[in-house]
Amino acid sequence: MKKLLLLLAVLILAGGMVFAQDEGGDAAPAEEKPELFDLEISAGFPVHWTNGEHDNAATSFLVEDKAVTANTALGVALLFNFTNKVGFTLDADFFFGGKLAGISSPSSDHNSLFGVNALLGPVIYIYNGSFLRVPLALGVHVYYFSDDLWIPQVNNPTIGDVWLKRRDLQFGPGAYIGVQFHFNNNIYLFSRTTVAIDVLRWHQEKGRYFDPTPSVNALAEVDESEFELAFGWEIKPAIGLGIKF
């Protein structure tokens, strides 16, 4: 029991010394010469949900469009430090997914998805010490995704290929808050969560698809593009490594 109390006292004393150094010893010089910029490499898990309405060229009336993307993303961010308390960030991640399937008809189909999330805006350090930093970013969020669906000949050589390509570009306010653990003057580990709400959307849909209506029973063309108000949200937890320059 005495050994446990002694160990606890040592840990408390060591923690107090680190905190005291954080508050006084290393924080003041950092004000004089902050790092010019940080390069951050991260892995995240973004989920984005879109809900909007747009005209459909094939049906000629408004259709409700809901899309959810969820994937593992790799990110790169630049964090420019103007002072020890304020900076500016460009934080982006990229994700890609694909599916290739074959059946014994014989036939196959391919579906691919590519997307980008980006946050651009100022960063305020809620806490900035020699070991621990807590950044808060507020800015503009940009979300883009493109997916392609290709089904060759629809199992009928006289009909031809079916393909569809959709693109979405969305804008809205976004923010993230995180923690950084600085072990030395060159690298640090960080963890943060980004939340964004998109309100403007550019949507494009192009391609041709098979219309099974008995009066048609053939390929129908679709080619539409429009700008609209829409609602979408994203949440992305991420962890990564930062390099200071």
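The values are calculated or read from the model by the stated rules, or taken from the named source; none is laboratory data. What you are looking at is a predicted structure, and each value in this text was computed from that prediction instead of being measured. All accessible areas refer to the heavy atoms of the entire protein, side chains included, with ligands and DNA or RNA removed. Shrake-Rupley method; radii C 1.70, N 1.55, O 1.52, S 1.80 Å.
Couple of notes before you dig in:
- Considering residues of region 50-77 that are open to solvent by 90 Å² or more (accessible area, probe 1.4 Å) and closer than 24 Å to residue 111 by Cα only, the residue modelled with the highest pLDDT: 74
- Test result for residue 113, part of a strand (DSSP E or B), over 17 Å from residue 242 (Cα atoms) and at pLDDT 95 or above: no
- All positions within region 188-208 that are more than 13 Å from the chain's Cα centre (by Cα), open to solvent by 70 Å² or more (accessible area, probe 1.4 Å) and within 22 Å of residue 75 (Cα to Cα): 189
- Of all residues in region 225-245, those being part of a strand (DSSP E or B) and either farther than 21 Å from residue 198 by Cα or at pLDDT below 85 (or both) number 6.
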